[in-house]
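What follows is a single structure, written as structure tokens, with notes after it.
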Amino acid sequence: MSEQSSSGGRILPLRPGGVGGPPSGGRRRKQPTKARRAWTVVAWVAAALVLVGGSGLGLLYFKLNGNLQGVDIETALGEDRPKNVDNGSMDILVLGSDSRSGANSGYGDDDGAARSDTAMVVHVYQGRKTASVVSVPRDTMVGRPDCTGRDGTDVPGDERAMFNSAYELGGPACAVKTVEAMSGIRMDHYIEVDFTGFKKLIDELGGVDITTTQPINDSKSHLSLPPGTHSLDGEQALGLVRTRKSVGDGSDLGRIQLQQAFMKAFIQQVKDVGVFSSPKKLLDLADAGTKAITPDSELDSVNELMGFAKGLSALGAEDVNMITMPVEYDPADPNRVVPVETGARQVWTALKQDRPIPASAVRDSAGDKGDAATVVKSP
């Protein structure tokens, strides 16, 4: 697809690391039926779920259903939400949780709270052939709305709060409400992935192949890689997506660029691995994938995951376009960022209308600068 013009500015071609999507459809988003209530392959654990959805191994669903423990987002959010636009697309908030308790205690001190270390708004376009992923920096200063916390109590809003405080203080429902208030887009689903589950999924996959263009030595993430091609195991993959101090400008924006590059490699690895020739490998991947996530209550059974997952089986790395929400460094605090209002508005408007994200949206964004994006490539 070549570059083209639109009223929103230049549109980049569909390619890894770019922005874009399908032509505008004009149709409204259909209310999701149970057969279509599923999530997208671009989340960390999408591989196992898509493969399960296409496998036909119905007798294994009982085991996998027991792994899925959902959270009721709809009840906690109530009616004060953006309109559910019916244009055939789907929007999913994917969070990576950095709880330091239990099996995750090796990654830092447990202070009694969990934070959203990674946040991605996944927009799957009408037709399920392409998707856009918008990473939201955890240090973004946003307006956090009043919301209902994990225990049902009220969590007061804040006109200026770090984005990841929504999850830390109020849990999944508060994180969803904050994203909806920021974007004006209703989230159809919510998926949470934790450290330990992510590691196990990568190990079951047999590792993920990447190529580094420069050394990575990060004492905080415990990752040391020379330049060259590597097959990362779960521990190394987790280290990579948490690395920030030794790449780019050392900020969370550089880490997001690493995460996006890794996700491209992960998606490609899933398509290349021969799981269909090995029922045991398929089961092990599905078992690890369903244990790795906490979905919303409309996605907490394998049957509900199947229909949409089958529809995504042809989605490859080249079909998933990743950007960072347009931000600039906060004049009041250089350790924080704030949205670039014009660019962010272009991004959210494009997704709401199921249209490509214009190139002009990220032109002035700090998240689109720096060299961290070139540090990791698919081999």
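Take the residues in region 289-316 that are open to solvent by 10 Å² or more (accessible area, probe 1.4 Å) and of a type in the set (G, A, S); name whichever of them is modelled with the highest pLDDT. Ranking the qualifying residues of region 289-316, first place goes to S297. On the stretch given as region 334-376, residues that are within 13 Å of D252 (Cβ to Cβ) and either open to solvent by 50 Å² or more (accessible area, probe 1.4 Å) or at pLDDT 90 or above (or both) total 6.
Against the list (1) open to solvent by less than 50 Å² (accessible area, probe 1.4 Å); (2) modelled with pLDDT of 90 or more; (3) not in a strand (DSSP E or B), the condition Q236 fails is (1).
Out of all the residues in region 218-231, is one or more assigned to a helix (DSSP H, G or I) and touching a helix residue (DSSP H, G or I) at 6+ places or on another chain (Cβ under 9 Å)? No: zero hits.
You will find that of I185, I191, the residue that is open to solvent by less than 30 Å² (accessible area, probe 1.4 Å), part of a loop (DSSP other than H, G, I, E, B), in contact (Cβ under 8 Å) with a residue 12 or more places away in the chain and more than 19 Å from Q269 (Cβ to Cβ) is I185 and no other. With respect to S224, is the statement that it is open to solvent by 10 Å² or more (accessible area, probe 1.4 Å) and more than 30 Å from D72 (Cβ to Cβ) true? Criteria met by S224. Evaluate region 134-150: report whether one residue or more is touching a residue at least 60 places away in the same chain (Cβ under 8 Å), out of contact with any Asp or Glu (no Cβ under 9 Å at 6 or more places or on another chain), surrounded by 24 or more Cβ atoms within 10 Å (Cβ to Cβ) and of a type in the set (A, V, I, L, M). For region 134-150, residues touching a residue at least 60 places away in the same chain (Cβ under 8 Å), out of contact with any Asp or Glu (no Cβ under 9 Å at 6 or more places or on another chain), surrounded by 24 or more Cβ atoms within 10 Å (Cβ to Cβ) and of a type in the set (A, V, I, L, M): present. Checking I92 against (1) open to solvent by less than 10 Å² (accessible area, probe 1.4 Å); (2) in contact with a helix residue (DSSP H, G or I) (Cβ under 6 Å, 6 or more places away or on another chain); (3) modelled with pLDDT of 85 or more, which single condition isn't satisfied? I92 satisfies every listed condition except (2). N321 passes every criterion in (1) open to solvent by 10 Å² or more (accessible area, probe 1.4 Å); (2) farther than 20 Å from D233 by Cα; (3) modelled with pLDDT of 85 or more; (4) not β-branched (V, I, T) apart from (1).
The values are calculated or read from the model by the stated rules, or taken from the named source; none is laboratory data. It should be emphasised that the depicted structure is a prediction, and the values quoted were computed from it without experimental measurement. No Cβ is skipped: glycine too gets one built from the backbone with ideal geometry, and neighbour counts run over all protein chains shown. Only protein heavy atoms, including side chains, enter the accessible area calculation; ligands, DNA and RNA are left aside. Shrake-Rupley method; radii C 1.70, N 1.55, O 1.52, S 1.80 Å.
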